[in-house]
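Engineer: Dropping the structure in here first, questions after.
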Amino acid sequence: MTGKGRTALVLGATGGIGGELARALVARGWTVRGLRRKPAKQGQPQPDGIEWVVGDAMNAADVRAAAEGAALIVHAVNPPGYKDWDRLVLPMVDNSIAAAVANNARILLPGTVYNYGPDVFPLIPETAAQAPLTRKGAIRVEMERRLHLAVGQGARLLILRCGDFFGPRAANSWFSQGLLTPGKPPTRINQPGRPGVGHQWAYLPDVAETAMRLLDREAELGDDAMFHMDGHWDADGSRMVAAIAHALGKPDLPVRRMPWWLLRLAGVAVPLFRELGEMRYLWQRPVRLDNRRLLAFLGGEPHTPLDLAVRRTLEGLGHLPAQPAAMPETGRRIPDLATSSRQG
């Protein structure tokens, strides 16, 4: 099954995860509309096969008009720079819900680990209680509560939850703005986590391919579906740092502990730093999403080898010259969770 003849609306198509999902949908044969607040500049090429619609995710009429006839609404939109989450996030998801109900459409939400607190660490199944520690996490919990309620009103739901995103077009991420210094040649790598503490990463092309394989089996998903991805599990926090240094050809690149105290100080004036500082608890203890349900449903999880994923990401961020793809990036299977855990 593919999306041939079906229409999807992607909110957040100009962002990292939204753009990756939009391009994957186009490749799967979907007609894809992307909502953007400003029209493209005259004469500017419109790549990737996305039909751009001018509108605002905060405007219910804009979202409903853009979603007319859509079978799928991808809700991948967030306030830029984590600004005004408490004021913007819930109205935006309400607009997506209203449009989905009007069209009997499925909403696809890229989920986060913000929803969870230490009471369910270190291995988190889909059924785990959601007791977040942060304001942002509480908002994500309320988002998902409203989405689950919408299933009873005529919408359908698919939540695909992953670790921290990274990828060639993910400019706003812990990888691009935390581990590396944006806009500058890498002269060091920042390490946010405690030594020896594991961390979970999700390569966006793998996330998009996983979502496509789930959507290919629409009839089997049910109206309210949730899956967790494993992605790349860095068992002691050193694998990602080593992969970056290896890809850059700088094995002796200095590694510096993240100056969390500085984020706290800067957060008084800069909302982004304040919001990043709230997430420190996710770097202090191992936090891993349990993907056994996904493996049972799909039979495997698309998985690009870490060295290749990091190289492609650094190329996309401009830290390395782009090279032709020497091998496919997705479609490889990973071992079952027990084997993965033993290897970790």
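The values are calculated or read from the model by the stated rules, or taken from the named source; none is laboratory data. This structure is a prediction, so every number in the text was calculated from the model and none was measured. With ideal geometry, Cβ positions are generated from the backbone for all residues, glycine too; neighbour counts draw on all protein chains shown. Protein only, heavy atoms only, side chains kept; ligands, DNA and RNA dropped before computing areas. Shrake-Rupley method; radii C 1.70, N 1.55, O 1.52, S 1.80 Å.
So that you can scan it fast, the table gives a plain yes or no per residue for (1) open to solvent by less than 20 Å² (accessible area, probe 1.4 Å); (2) of a type in the set (F, W, Y); (3) in contact with a strand residue (DSSP E or B) (Cβ under 6 Å, 6 or more places away or on another chain):
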| residue | (1), (2), (3) |
| --- | --- |
| P192 | yes, no, no |
| W201 | yes, yes, yes |
| D206 | yes, no, no |
| M212 | yes, no, no |
| D224 | no, no, yes |
| G231 | yes, no, yes |
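Engineer: Which one of L35, L21 is modelled with pLDDT of 90 or more, part of a strand (DSSP E or B) and surrounded by 13 or more Cβ atoms within 10 Å (Cβ to Cβ)?
Structural biologist: So the residue among L35, L21 that is modelled with pLDDT of 90 or more, part of a strand (DSSP E or B) and surrounded by 13 or more Cβ atoms within 10 Å (Cβ to Cβ) is L35.
Engineer: Would a scan of the range 129-142 turn up a residue that is more than 28 Å from I244 (Cβ to Cβ), of a type in the set (G, A, S) and in a helix (DSSP H, G or I)?
Structural biologist: The answer is yes; a qualifying residue exists.
Engineer: Which residues, counting only those in the range 251-283, are touching a helix residue (DSSP H, G or I) at 6+ places or on another chain (Cβ under 9 Å) and open to solvent by 60 Å² or more (accessible area, probe 1.4 Å)?
Structural biologist: P251, D252, V255, L262, R264, L265, V268, F273, R274, R280
Engineer: Continuing with this model, one more query. Just checking, which of D234, D290, D252 is without any contact (Cβ under 8 Å) to a residue 60 or more places away in the chain and either touching a His at 6+ places or on another chain (Cβ under 6 Å) or under 30 Å from Q153 (Cβ atoms) (or both)?
Structural biologist: Details: D290 fails: without any contact (Cβ under 8 Å) to a residue 60 or more places away in the chain; D252 fails: either touching a His at 6+ places or on another chain (Cβ under 6 Å) or under 30 Å from Q153 (Cβ atoms) (or both).
Answer to the selection: D234.
Engineer: So, one more: State all residues of the range 67-95 that are part of a helix (DSSP H, G or I) and of a type outside the set (V, I, T); if no residue qualifies, say none.
Structural biologist: We begin by selecting, within the range 67-95, every residue part of a helix (DSSP H, G or I); these are 80-82, 85-95.
Within the range 67-95, P80, G81, Y82, W85, D86, R87, L88, L90, P91, M92, D94, N95 meet the criteria.
Engineer: Could you tell me whether any residue of the range 80-95 is open to solvent by 20 Å² or more (accessible area, probe 1.4 Å), modelled with pLDDT under 95 and of a type in the set (F, W, Y)?
Structural biologist: Yes, the range 80-95 contains at least one residue that is open to solvent by 20 Å² or more (accessible area, probe 1.4 Å), modelled with pLDDT under 95 and of a type in the set (F, W, Y).
Engineer: Filter the range 143-172 down to residues that are within 19 Å of T127 (Cβ to Cβ) and among the charged types (D, E, K, R) and give me whichever is most open to solvent (accessible area, probe 1.4 Å).
Structural biologist: Going through the qualifying residues, I end up with R145.
Engineer: Inspect all residues belonging to the range 100-113 and state whether any of them is touching a His at 6+ places or on another chain (Cβ under 6 Å), part of a strand (DSSP E or B) and surrounded by 14 or more Cβ atoms within 10 Å (Cβ to Cβ).
Structural biologist: Yes.
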